[in-house]
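The values are calculated or read from the model by the stated rules, or taken from the named source; none is laboratory data. Note that this is a predicted model, so its numbers are computed, not measured. Here Cβ is always computed from backbone atoms with ideal geometry, including for glycine, and neighbour counts include all displayed protein chains. In case anyone asks, the SASA skips ligands and DNA or RNA and just uses the protein heavy atoms, side chains included. Shrake-Rupley method; radii C 1.70, N 1.55, O 1.52, S 1.80 Å.
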Amino acid sequence: MQATTDTELLQQLRKGNESAFRQLYDRHSRPVAAFIYQLTHSSVDAEDILQDTFLKLWTSRDQLPAIENIGNYIFIIARNKTVDHLRKVARQQQLVDQVWANISEVADALDLQLNARESQQLISNALAQLSEQKQTIFRLSRVEGLSHDDIAAQLGLSKSRVKNLQVETLKHIRTFLSRYGGPLGVLLFICLMKS
């Protein structure tokens, strides 16, 4: 004769009766699976957690406390297993996010280095086509940060002459960058004008 109540099935389960365990599974697995799915939104995870829940019930059968409602007890196991699973997933997601953030930082730094190298090369190529005097004025102004007065004094030129040569130099660089630098060239020239 088969047991019909959960209490009777629980008593038989404690003695290791597999048939009683199977009947409890058949009675309670569907609502428990639905409950887990509502929390995880994953049928695969819900199935895994459901199996873990009933495995826990079976492996701890001889240590089960006095249980009035086995259905509620199974739900509590399922809830705890689901919370553990969600915590683990959240930690994994944080790790994934952290790895992506680190990769992005490295990639951005590499991009900046490549752009800086490319930019420097473009400007060097543009300057190479100019006279020694214009190159010197550009370097003193843009690299060393000297004023027109300081450059004029250092090179023995008038301030207006330094200004004119600087304008010609920037015009040449702008033309060169727009011709050979593409979008990067345009950005570079804007940066040069601001500096």
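Structure above, values below:
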read-out	value
Kirkwood-type radius of segment 6-96, with distances r between different C-alpha atoms, in Å	13.7 Å
Qualifying lysines (Cα of each under 28 Å from Cα of Lys15; at least 8 residues distant if same chain)	Lys56, Lys81
Segment 6-96, accessible area per residue, ligands and nucleic acids excluded (1.4 Å, Å²)	64 Å²
For Ile137, net neighbour charge (Lys/Arg +1, Asp/Glu -1) across residues whose Cβ lies under 15 Å away	+2
Segment 44-49 - phi-based ³J(HN,Hα) in whole Hz, Karplus 6.51/-1.76/1.60, Gly and Pro as x	5, 5, 4, 5, 4, 5
Label point distance in nm, Thr136-Ser160, each placed 7 Å from Cα along Cα→Cβ	2.2 nm
Gain on full stretching of the segment that runs from Ser147 to Asn72 - 0.36 nm per residue minus C-alpha separation	18.8 nm
Karplus 3J(HN,Hα) series, Hz, for segment 17-30 with 6.51 cos²θ - 1.76 cosθ + 1.60 (x for Gly, Pro)	6, 5, 5, 5, 4, 4, 5, 5, 4, 4, 6, 10, 5, 5
Candidate aspartates and glutamates for bridging to Lys159, where Cα separation is under 13 Å - those fewer than 8 sequence places away on the same chain excluded	Asp149, Asp150
